[in-house]
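In what follows, a structure is listed as structure tokens, so that the remarks can point back to it.
The values are calculated or read from the model by the stated rules, or taken from the named source; none is laboratory data. Quantities reported herein were computed from a predicted structural model and do not represent experimental measurements. Here Cβ is always computed from backbone atoms with ideal geometry, including for glycine, and neighbour counts include all displayed protein chains.
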């Protein structure tokens, strides 16, 4: 199995308790039903011992051409366990068999295992685009998001299995082998895991498909595609312990 790791370092300010480091993309090769696939798992990397991811939003492809390139093989009624780019869901609770379905299924998650007990939920940006997240594509231009609907369970905290000491999984993308997955923008909200601590925000891009040479990565950073983290001012949306800027309606 071919393994490639890509970390796009985020340019961060010196704000206290700001500990997001980067997105990390780990790509492997797989085959399902004779179809060759590229499976990319995307992680949010932190450097604090109790850093906790709360939500992801502003999820958009950075170019204007958005087509459905993602394969799904979930056990939802809209898919039925068939590898498909026409039917499927991003819901991690419907990934199905851990051997027959899940390795070949695209889904979104705020840490934790992609099983029936996962508490990741779609925010209202998805149904506003039509069909909720029970769709195979990513809606264009709606700043799609997802969040941990029960943050006291610390599903998004580093060090809480299956999260590692530094990384929290946020996406599994499955595309046909060799497809250029392009560059995606994503913003996250997180805190240091202490009750009542302020929510911090980070925003950067990650690339699927071909991994650029080190020099190209440096140029991406200079061009401003590296992450930027800042405290958000103004009103925030609060729901079930989750803070989210109201500039993106939910």
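Couple of notes before you dig in:
- Subset of segment 1-46 (residues that are part of a loop (DSSP other than H, G, I, E, B), modelled with pLDDT of 55 or more and loosely packed, with under 15 Cβ neighbours inside 10 Å): 33, 34
- Residue within segment 86-97 that is under 15 Å from the mean Cα position of the chain (by Cα), under 22 Å from residue 202 (Cβ atoms), modelled with pLDDT of 95 or more and assigned to a loop (DSSP other than H, G, I, E, B) present: yes
- Inclusion of residue 160 among residues that are within 15 Å of the chain's Cα centre (by Cα) and more than 13 Å from residue 56 (Cα to Cα) is not warranted.
- Total residues in segment 129-154, condition within 22 Å of residue 174 (Cβ to Cβ) and part of a helix (DSSP H, G or I): 1
Results for (1) over 26 Å from residue 84 (Cα atoms); (2) at pLDDT 80 or above; (3) touching a strand residue (DSSP E or B) at 6+ places or on another chain (Cβ under 9 Å); (4) surrounded by 13 or more Cβ atoms within 10 Å (Cβ to Cβ), shown as yes or no for each residue.
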{"position": "158", "(1), (2), (3), (4)": "yes, yes, yes, yes"}
{"position": "166", "(1), (2), (3), (4)": "yes, yes, yes, yes"}
{"position": "172", "(1), (2), (3), (4)": "no, yes, yes, yes"}
{"position": "221", "(1), (2), (3), (4)": "yes, no, yes, yes"}
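- Residues that are at pLDDT 95 or above, surrounded by 18 or more Cβ atoms within 10 Å (Cβ to Cβ) and under 18 Å from residue 188 (Cα atoms) are absent from segment 64-82 altogether.
- Members of segment 83-95 that are surrounded by 21 or more Cβ atoms within 10 Å (Cβ to Cβ) and within 13 Å of residue 114 (Cβ to Cβ): 89, 90, 91, 92, 94, 95
- So residue 111, is it under 15 Å from the mean Cα position of the chain (by Cα), surrounded by 19 or more Cβ atoms within 10 Å (Cβ to Cβ), modelled with pLDDT of 95 or more and assigned to a loop (DSSP other than H, G, I, E, B): yes
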